1. Residue separation times 0.36 nm, minus the C-alpha to C-alpha distance between D5 and R35: what's the value?
2. Going by average Cβ neighbours within 10 Å, how do the peptides 33-44, 90-101 rank, with the highest at the top?
3. Figure the gain on full extension for S58 and S93 (residue separation times 0.36 nm, minus the Cα-Cα span) and round it to one decimal in nm.
4. For the pair S86 and Q43, how long in nm is the line joining their label points, each one 7 Å along Cα→Cβ?
5. Taking every Cα atom in the chain, find the radius of gyration and the maximum pairwise distance Dmax, and write them in Å.
Amino acid sequence: MSRKDRPHTPDGRYLVSRGVLKRCTNPALDDSARRKAVKRLMQARMAKDREAVDAAKSTLGETGPVWWSDGAPDYSDKTPDNTPYSEWWQSLSEAERAAGD
């Protein structure tokens, strides 16, 4: 299942994958920078180069410092039920929640 098919939090910061929140790509990245980072990420994954994967994910904003500036904490790798997103998560249909499993 592609990332775009997974449930995304209303604020666009996370998607739900395998039952946990995963940080989305920084929407402020320009298209060229995003494409280059995604290409580096795919190459690093194919080469099984963990350091290069981490570097590309950091460039994309999916790891490392958060890309938002309102001081909200990072809930990456937490189940939605154990975060401020719990009410949103419970409001989704079973099918929508299943797309995040």
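The numbers here are math on the coordinates, done by the rules we state, and not lab data. Since we're looking at a predicted model, the values are computed, not measured. Cβ atoms come from the backbone with ideal geometry, glycine included; neighbour counts cover every protein chain shown.
1. Details: separation 30, 0.36 × 30 = 10.80 nm, distance 1.96 nm.
This chain segment gains 8.8 nm when fully extended.
2. On the way: 33-44: 15.2, 90-101: 12.1.
Result, highest mean first: 33-44, 90-101.
3. Details: separation 35, 0.36 × 35 = 12.60 nm, distance 3.20 nm.
9.4 nm is the gain from fully extending S58 to S93.
4. 4.5
5. 14.2, 40
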